[in-house]
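Please read the structure below before turning to the comments.
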Amino acid sequence: MTDSIEKGREFQFTDRDFEKICKMLYDQVGISLNPSKREMVYSRLARRLRANSVNTFSAYLALLEKKDHAEWEAFINSLTTNLTAFFREPHHFPILAEHVGKIKGRPVTLWCAASSTGEEAYSMAITMAELYGTLNPPVKILASDVDTSVLEKARKAVYSLAQVEKMPESRLKKYFIKGTGSNEGMVRVKPELCDMITFRQINLLDDNWSIRGPIDAIFCRNVMIYFDKPTQLQILQKFVPLLRADGLLFAGHSESFHHASQYFRLRGKTVYELSRASHGSKL
Ligand SMILES: C[S@@+](CC[C@H](N)C(=O)[O-])C[C@H]1O[C@@H](n2cnc3c(N)ncnc32)[C@H](O)[C@@H]1O
């Protein structure tokens, strides 16, 4: 194989560097990159090379191999894709409300398992506030992501007006505070709503998530697409003991878990419930 080096680039970036990066990312967080992502990898990591004052990718990778923790975090944060939005795939939220609405006389636990910058978890919190008719419903939401920089943004709960422009005015008024002065053009989620959510770093690839179940519903949307089937299967298997017997798993619009029918069965609209076999293991 040729170890091609593109001319005219700021940093030397060989096929071998790209392959090594793919393997490191896969081993750490399960993300499988295909060759079409080569340019994206170059441009996202070029910033890290500058920050570390190294001038070849191989020097940067040597630095990572020393297990420098701070740089590992920055490496992973640079390569995750964090696209999200408030009430993305909106059909899921009424299903969540209907499901939780059947629960009587006990607190509810939800998990947003790849929360990115927080919009999904806050959409779940708004759904719960609307269901119970209060900003303090008996609901706890765990929101997690592997990327520490998106979690930091999520905890701040500050968004641009453009990010909430599709929301009805009544929702905006009830659940957000409009910024003024130097915060003009921004909104902040009301603190009561924030209190419902705990943001934590969790790598879905880790053996032990230290999460206490039982959980009523897991949102794991638009993250499994980055994993191969064996990795998806491992994660789905670990969801089973955490979910309540009647719990729901919400997947992204292009995700399908047909290959995990021993654990989950499709209820419709990319919402899954535990399979008969998983039920058996809970009884
Ligand atoms: C495209 S966003 C999806 C956000 C949100 N769930 C949604 O559907 O709008 C994918 C998120 O998965 C996170 N992610 C990738 N690999 C992960 C892993 N191994 N463990 C936890 N989160 C991961 C990324 O950091 C990113 O924020």
Run the simple label-point estimate for residue 162 and residue 259 please: 7 Å along Cα→C-beta, distance reported in nm. 3.7 nm
Average the reciprocal distances over every distinct pair of alpha-carbons in the chain, invert the result, and give the Kirkwood radius in Å. 20.6 Å
What does the highest-first list of 166-177, 143-154, 86-97 look like by mean Cβ count within 10 Å? 143-154, 86-97, 166-177
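Would you mind checking 23/229; 153/190; 102/269; 102/190 for any pair whose Cα atoms are more than 21 angstrom apart? All intermediate terms of the calculation are to be shown ahead of the outcome.
On the way: 23/229 16 Å; 153/190 15 Å; 102/269 19 Å; 102/190 26 Å.
Flagged as over cut-off: 102/190.
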Points 7 angstrom from Cα along the Cβ direction at residue 136 and residue 152: gap in nanometres? 3.2 nm
Using a cut-off of 15 Å between beta-carbons, work out the net charge of the residues near residue 208 (Lys and Arg +1, Asp and Glu -1, residue 208 not included). +1
In the range 87-198 the DSSP beta bridges are antiparallel at a rate, in percent to nearest 5, of 45 percent
Burial-style ranking of 56-67, 196-207, average other-beta-carbon count within 10 Å with highest first, yields 196-207, 56-67
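Rounded to the nearest 500, what is the chain's calculated 222 nm mean residue ellipticity when only DSSP H runs of at least 4 contribute -39500 (n - 2.57) each, over all residues?
On the way: 11 runs with 112 residues, N = 283.
Here the helix-only value at 222 nm equals -11500 deg cm²/dmol.
Over the range 67-162, what number does the Rg to Rh ratio reach, with both radii from the alpha-carbon atoms and Rh per Kirkwood?
Working: Rg = 15.4 Å, Rh = 14.7 Å.
Reported Rg/Rh, Kirkwood definition of Rh: 1.05.
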Could I get the Rg over Rh figure for the range 207-283? Both from C-alpha atoms, Rh via Kirkwood, rounded to two places. 0.92
Straight-line reach from residue 156: which aspartates and glutamates fall under 14 Å, measuring Cα to Cα and dropping same-chain residues less than 8 apart? 119, 192, 195
Probe 1.4 Å, protein heavy atoms only - accessible area per residue of the range 171-283 in square angstrom: 52 Å²
Summing +1 per Lys or Arg and -1 per Asp or Glu among the other residues with Cβ less than 10 Å from residue 88's Cβ gives -2
One would report the antiparallel percent of DSSP beta bridges in the chain, rounded to the nearest 5, as 40 percent
Cα convex hull of the range 15-79, projected area averaged across orientations, nm²: 3.9 nm²
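Please find the FRET efficiency linking residue 200 to residue 55, where r is the Cβ-Cβ separation and R0 is fixed at 45 Å, and quote it to the nearest 0.05. Don't skip to the end; give the middle numbers.
Values: r = 36 Å, r/R0 = 0.81.
It comes out at approximately 0.80.
The values are calculated or read from the model by the stated rules, or taken from the named source; none is laboratory data. Everything numeric in this text was worked out from a predicted model, so none of it was measured. Because the Cβ atoms are built from the backbone with ideal geometry, glycine has one as well, and the counts that use them run over all protein chains shown. Quick note on the areas: whole protein, heavy atoms, side chains included, nothing else; ligands and nucleic acids left out. Shrake-Rupley method; radii C 1.70, N 1.55, O 1.52, S 1.80 Å.
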